[in-house]
Amino acid sequence: IDRWILSKLNSMIKEVTESLEDFEPTKAGRAIQEFTTDHLSNWYVRLCRRRFWKGEYSTDKISAYQTLYTCLESIAKLSAPIAPFFSDQLYRDLNKVSSKESHDSVHLAYFPEVQEKLIDIDLEERMEIAQKLSSMVLALRKKEGIRVRQPLQKIMVPVLNDTFKRQLKDVQDLILSEVNVKELEYL
């Protein structure tokens, strides 16, 4: 999950940089918002909740914290042209804790650069499948009035090609645990 959010972060950095270079700050702002809301907050932080709060201060916990820090710091730097005051406050608050950078303001810091080697499109596609499928199943549960606490026997998913089937198999366990279903059947 850390590799996925870092891949998504770098894809977003690329999109925001291109949008700002094309003088389209609205498009850049929407990319930052989508990443922050849909991916970082509603997916990464929620799935890593146990890593943040449970257990001892292990390598896994440190990795989760460092990944989240990297995302927040990048968001502060990317948002600086659009939301200067909030971005500066976020950057200074993060830097106060870590003393990672010597700049006093986000506006003096270097703009994030894309690390192409961290972008994994296949991984991003697999997690997108997991997010969409989980969302659809949870919406069906809500519509039918079946709480997530009540386990269901199985869900059936139409498979259109081998690539989709492989990607779905890779995230099958994540989907099943998210929606509290015992089995996934491929149609």
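Glu101: under 15 Å from the mean Cα position of the chain (by Cα) and either part of a loop (DSSP other than H, G, I, E, B) or of a type in the set (Asp, Glu) (or both), yes or no?
no
Cβ-Cβ distance below 6 Å, separation of 6 or more or different chains: which pairs start in the range 104-119 with a residue that is without any contact (Cβ under 8 Å) to a residue 24 or more places away in the chain and end on one that is surrounded by 12 or more Cβ atoms within 10 Å (Cβ to Cβ)?
Ser105/Asp88
Search the range 141-166 for residues that are open to solvent by less than 60 Å² (accessible area, probe 1.4 Å) and pair each with any residue that is in a strand (DSSP E or B) and among the charged types (D, E, K, R) when their beta-carbon atoms are under 8 Å apart and the residues are at least 6 apart or on different chains.
Leu152/Lys182; Ile155/Glu183; Ile155/Glu185; Val157/Glu185
For the range 39-94, what are the residues that are of a type in the set (D, E, K, R), open to solvent by 70 Å² or more (accessible area, probe 1.4 Å) and under 18 Å from Met12 (Cβ atoms)?
Within the range 39-94, no residue meets the criteria.
Please name all residue pairs, on different chains or six or more residues apart, with Cβ atoms under 6 Å, provided the first residue is in the range 20-38 and is surrounded by 14 or more Cβ atoms within 10 Å (Cβ to Cβ) and the second residue is outside any helix (DSSP H, G or I).
As it stands, the answer is Gly29/Ile82, since those pairs meet every condition given.
Show me the helices (runs of 4 or more DSSP H) found entirely inside the range 109-187 where at least 2 residues are within 17 Å of Tyr44 (Cα to Cα).
Of the helices (runs of 4 or more DSSP H) lying wholly inside the range 109-187, those with at least 2 residues that are within 17 Å of Tyr44 (Cα to Cα) span 121-144, 172-179.
Condition first: open to solvent by 50 Å² or more (accessible area, probe 1.4 Å) and closer than 15 Å to Asn10 by Cα. Now tell me which residues in the range 95-118 satisfy that.
Phe111, Glu113, Gln115, Glu116, Lys117, Leu118
For the range 2-17, indicate whether the set of residues that are over 19 Å from Glu116 (Cα atoms) and of a type outside the set (D, E, K, R) is non-empty.
Our first condition is that a residue be over 19 Å from Glu116 (Cα atoms); within the range 2-17, this holds for none.
The answer is no; no qualifying residue exists.
Considering only residues that are open to solvent by less than 90 Å² (accessible area, probe 1.4 Å) and either touching a residue at least 40 places away in the same chain (Cβ under 8 Å) or in contact with a Pro (Cβ under 8 Å, 6 or more places away or on another chain) (or both), which ones fall in the range 171-185? Before the answer, list the steps.
Let us first name the residues in the range 171-185 that are open to solvent by less than 90 Å² (accessible area, probe 1.4 Å), namely 171-172, 174-181, 183-185.
Passing the criteria: Val171, Leu174, Ile175, Glu178, Val179, Asn180, Val181.
Return a yes/no flag: does the range 123-136 have any residue that is open to solvent by less than 80 Å² (accessible area, probe 1.4 Å), in contact with a Lys or Arg (Cβ under 7 Å, 6 or more places away or on another chain) and closer than 27 Å to Met12 by Cβ.
yes
May I ask you to list the residues in the range 147-176 that are more than 22 Å from the chain's Cα centre (by Cα) and of a type in the set (Lys, Arg)?
The answer is Arg147, Arg149, Lys154, Lys165.
The values are calculated or read from the model by the stated rules, or taken from the named source; none is laboratory data. This structure is a prediction, so every number in the text was calculated from the model and none was measured. Cβ atoms come from the backbone with ideal geometry, glycine included; neighbour counts cover every protein chain shown. Remember, those area values only see protein heavy atoms, side chains included, never the ligands or the DNA or RNA. Shrake-Rupley method; radii C 1.70, N 1.55, O 1.52, S 1.80 Å.
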